[in-house]
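Have a look at the structure below, then the notes.
The values are calculated or read from the model by the stated rules, or taken from the named source; none is laboratory data. As the structure is a computational prediction, the values presented were derived from the model and not from experiment. As a convention, Cβ positions derive from the backbone with ideal geometry for all residues, glycine included, and neighbour counts pool all protein chains shown. What goes into the accessible areas is simple: the full protein's heavy atoms, side chains included, and nothing from ligands, DNA or RNA. Shrake-Rupley method; radii C 1.70, N 1.55, O 1.52, S 1.80 Å.
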Amino acid sequence: MTSPEPQSPAPQPPEPESKDRVYRSVPAIAGGVLLLAITGWLGIDAIVSGEGRTPWLALAVLLLVVPLVIAFTLRPAVYAGDDRLRIRNPFRLVVVPWGQVASLRSSYSNEVLTESGAKYQLWAVPVSLRARKKAARREMRATAQARREMGRDEGRGAALGMRAGLDGGLGGDSVSDGPARAETDRIMDELRGLHEARHQAESARGEVTVRWAYEVLAPALAGAVLVLILVVTG
């Protein structure tokens, strides 16, 4: 009697790859779409109804302006993965492994500093001083409300105090929600947390790479040359 052949273990399904977190500026995208619509409308109208050199000049201006509008409004994005940070700025694509990130700094602009001392601005996460002031005012109102609640709770019994605390937790602004922060400041907090968790990982090591966006620079440069030629020879 022959013994049954041992069965090979079933192959394990591959672990799903974690997707990058993508951060982009919604106001910049909206403004870019509006600018492209206006530029396209004016440019196409000049090409169709213009006379003499006007259609060629309008075409050259479109070739110059459209790539620049896309570069500064629609193109910027920040991709944060488990191993690296990809920064897509108007004219460059910068890939920084978390092991090479020294710090993430916020002042008048949000920036990433590398171990080698290089600094790269996060165009897709712009600093809004107005949003910071709005968040500070909201935090002050929440703090003042919490102090008023504490003042009213003083002198009450333990049961009433617990009930008031529960009722206050179900209300509008709650101290347990944490300090009010502007949207871009919350994004920077998330990036700092991801950096802190992953900067020592073996897979997060590597070199910083920078690639120029020739797909933006080439047409813009060609448009600028054409505009210059048409203006000089006109």
Q.
So the check is Cβ under 6 Å with 6+ separation or different chains; which pairs have a first residue in the stretch 18-47 that's under 18 Å from V127 (Cβ atoms) and a second one that's part of a loop (DSSP other than H, G, I, E, B)?
A. Y23/A124; Y23/V125; R24/A124; S25/A124; S25/P126
Q: Please work out if W56 is of a type in the set (A, V, I, L, M, F, W, C), surrounded by 15 or more Cβ atoms within 10 Å (Cβ to Cβ), modelled with pLDDT of 95 or more and more than 16 Å from the chain's Cα centre (by Cα).
A: no
Q | Filtered residue count, the stretch 85-111, keeping only those that are assigned to a helix (DSSP H, G or I) and open to solvent by less than 10 Å² (accessible area, probe 1.4 Å) | A | 1
**Q.** Checking G234 against (1) closer than 30 Å to A58 by Cα; (2) surrounded by fewer than 14 Cβ atoms within 10 Å (Cβ to Cβ); (3) at pLDDT 90 or above, the condition it does not meet
**A.** (3)
Q.
I'd like the full set of residues that are open to solvent by less than 70 Å² (accessible area, probe 1.4 Å) and aliphatic (A, V, I, L, M), limited to the stretch 187-208.
A. I187, M188, L191, L194, A201, A204, V208
Q.
I'd like to check something: does the stretch 7-27 contain any residue that is under 30 Å from V231 (Cα atoms) and either among the small types (G, A, S) or modelled with pLDDT under 95 (or both)?
A. no
